[in-house]
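Written below as structure tokens is the structure these notes are about.
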Amino acid sequence: MSNVTVVGAQWGDEGKGKIVDWLANEADIVVRFQGGNNAGHTIVVNKKKIALSLIPSGIIRKNKLSIIGNGVVVNPLALLDEISRLNKVGVKITRKNLRISENSSIIFSFHKKIDEIREKRKGPNKIGTTGRGIGPAYEDRVGRRAIRFADLANDNFLKEKIKNTLDYHNIILAGLKSQLITEKEIFDEVSSYKKSILRYVDRIFPILKKAKNEGKKILFEGAQGILLDVDHGTYPFVTSSNTLPSAAASGTGMPLKNLGYILGIVKAYTTRVGSGPFPSELKNKIGEKLGRIGNEFGTVTGRQRRCGWFDAIITKHSIDISGIDGIALTKLDVLDSFEEIKICVGYRVNGKVINYFPLSEIDQKKIKPIYEIHQGWRENTQGAKTWSDLPALAIKYVRRIEELLQTQVSLLSTSPKREDTILVKNPFLG
Ligand code: GDP
Ligand code: IMO
Ligand code: MG
């Protein structure tokens with residue numbers, strides 16, 4: 001039996017939440033390892049829609065432990081709000097099913113404020129962040145001035161930490177002629193949630209080590225997607241964390257060799273939210289149709305997602321750098337009514353044909369996609385539960401994706417519902 005690490009293989013919103021919830025049935029522990037409440041996952045169980053952001057997507061399953069790892073930046077107020085929303089729909093959250101790593105960094109209200117100010121100043125060149133303070137919080141972490149949950153236990157120590165962090169931020173806010181932040185404001189902010197949040201805080205890596213020794217199955221849940229990785233994504237239009245599978249080791253304390261099967265989640269077409277290159281984007285009626293049928297609106301910000309055809313070149317880039325063992329292909333059903341379906345199989349840049357994603361931002365702006373055209377199946381695949389329920393042309397499309405990505409489809413998702421999932425190869429079997 002193997003562990004499984006789930007990552008998005010495009011620009012996020014591939015349907016990771018649905019697949020993690022499905023796989024969680026077999027797991028003992030589900031751990032989030034990076035990102036924060038910029039992530040938004042929608043899960044549909046018994047016709048009920050549940051939106052998750054910080055809490056691992058295994059929380060809905062009974063008798064599973066959900067862990068927020070040290071690689072996650074946590075906004076405690078957003079987390080408490082999520083806990084209360086889950087409690088209201090009957091998912092009880094206690095220390096029995098949720099733990100937070102004591103060395104996770106905290107997102108404060110000033111991180112959100114700084115995120116918003118910076119985006120506003122950039123005007124048309126903005127990154128299009130989710131405005132949740134993710135970037136500023138990660139900057140504090142690598143700048144060695146972040147405040148972590150372990151720092152909350154002692155008031156005097158916490159006051160020193162707050163002073164140290166604000167020394168840095170207030171210099172910048174003064175330069176921006178923005179209102180400065182007081183130490184009291186931040187101390188009071190912490191006091192408002194401290195007691196409610198500390199009950200979940202724990203030492204995480206001993207829990208994972210013990211589980212591993214007992215042969216328990218651990219599911220590592222990535223947020224965002226490989227193309228939003230701060231090193232290997234479409235920089236600078238990326239998030240501020242590493243979204244690669246290796247972040248599951250640094251973001252939890254689990255040794256790299258124990259991450260198990262790497263499952264990439266791939267949408268049958270392409271979407272992205274925010275700014276940045278998107279070679280196969282369709283700014284026309286077809287793009288609008290994909291968005292309408294696929295319900296492509298952000299779970300977190302409600303923003304309309306940009307839509308386009310499946311891009312085999314950029315997705316292969318993700319597969320190659322993240323060592324993906326197999327994929328879960330999602331949202332095939334969204335293509336059901338299309339007469340013609342295109343796949344981007346090459347790029348033309350400066351008159352030259354290339355079969356890789358160029359890293360130069362200038363070249364990225366010049367990419368013209370080269371497409372191959374597939375005949376649409378124009379039959380219903382929504383809700384298909386076995387491979388034999390699929391029309392021949394849909395199978396041909398899936399096989400072509402496998403061929404272009406040089407990987408195998410392990411799972412196929414045919415609707416937002418948990419049960420509408422076809423298992424081809426169980427990732428827990430390695
Ligand atoms: P995540 O961020 O990767 O977890 O993805 P999101 O939840 O933000 O976005 C994926 C959306 O697609 C959600 O609304 C899901 O309910 C929905 N979804 C997931 N799989 C499928 C599928 O196979 N077909 C359809 N039609 N919708 C799906
Ligand atoms: P899930 O987990 C899609 C995008 C933002 C923006 C960029 C930087 O639901 O797939 P940030 O707030 O992280 O500094 O924004 O990253 N982004 C996402 N896009 N899905 C996500 O998460 C995202 N999280 C961040 O839109 O372009
Ligand atoms: Mg999402």
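The values are calculated or read from the model by the stated rules, or taken from the named source; none is laboratory data. It should be emphasised that the depicted structure is a prediction, and the values quoted were computed from it without experimental measurement. Note that each Cβ is placed from the backbone with ideal geometry, even for glycine, and that neighbours are counted across all protein chains shown.
Computed quantities for the displayed model
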read-out	value
Hits in the stretch 16-36 (condition: within 12 Å of ligand 1 (Cβ to nearest atom) and either among the hydroxyl-bearing types (Ser, Thr, Tyr) or crowded, with 24+ Cβ neighbours inside 10 Å (or both))	LYS16, GLY17, LYS18, ILE19, VAL20, ASP21, ARG32, GLY35
Qualifying residue in the stretch 394-411 (condition: among the polar types (S, T, N, Q), within 16 Å of ligand 1 (Cβ to nearest atom) and either modelled with pLDDT under 95 or outside any loop (DSSP other than H, G, I, E, B) (or both))	yes
Residues that are touching a Phe, Trp or Tyr at 6+ places or on another chain (Cβ under 7 Å) and closer than 24 Å to ILE324 by Cβ, drawn from the stretch 201-220	LYS217, PHE220
Which listed residue, of GLY287, GLY274, GLY264, is of a type in the set (Gly, Ala, Ser), touching a strand residue (DSSP E or B) at 6+ places or on another chain (Cβ under 6 Å) and within 14 Å of ligand 2 (Cβ to nearest atom)	GLY264
Hits in the stretch 128-145 (condition: away from ligand 3 (no atom under 16 Å from the Cβ) and either buried (at least 24 other Cβ atoms within 10 Å of the Cβ) or touching a residue at least 24 places away in the same chain (Cβ under 8 Å) (or both))	GLY133, GLY135, PRO136, ALA137, TYR138, GLU139, ASP140, ARG141, GLY143
Enumeration of residues in the stretch 3-17 that are in contact (Cβ under 8 Å) with a residue 60 or more places away in the chain, touching an Asp or Glu at 6+ places or on another chain (Cβ under 9 Å) and within 12 Å of ligand 3 (Cβ to nearest atom)	GLY8, GLN10, ASP13, LYS16
Matching entry among LYS217, LYS212, LYS194 (being at negative phi, among the basic types (Lys, Arg) and crowded, with 19+ Cβ neighbours inside 10 Å)	LYS217
Unique match (being within 16 Å of ligand 1 (Cβ to nearest atom), touching a strand residue (DSSP E or B) at 6+ places or on another chain (Cβ under 8 Å) and touching a residue at least 40 places away in the same chain (Cβ under 8 Å)) among ILE293, ILE327	ILE327
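Residue-by-condition table, conditions (1) touching a helix residue (DSSP H, G or I) at 6+ places or on another chain (Cβ under 8 Å); (2) without any contact (Cβ under 8 Å) to a residue 60 or more places away in the chain; (3) within 22 Å of HIS232 (Cα to Cα); (4) within 16 Å of ligand 3 (Cβ to nearest atom):
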{"site": "ASN355", "(1), (2), (3), (4)": "yes, yes, yes, no"}
{"site": "PRO358", "(1), (2), (3), (4)": "yes, yes, yes, no"}
{"site": "GLN364", "(1), (2), (3), (4)": "no, no, yes, no"}
{"site": "ILE395", "(1), (2), (3), (4)": "yes, yes, no, no"}
{"site": "VAL398", "(1), (2), (3), (4)": "yes, no, no, no"}
{"site": "THR407", "(1), (2), (3), (4)": "yes, no, yes, no"}
{"site": "SER410", "(1), (2), (3), (4)": "yes, no, no, no"}
{"site": "SER413", "(1), (2), (3), (4)": "yes, no, no, yes"}
{"site": "LEU423", "(1), (2), (3), (4)": "no, yes, no, no"}
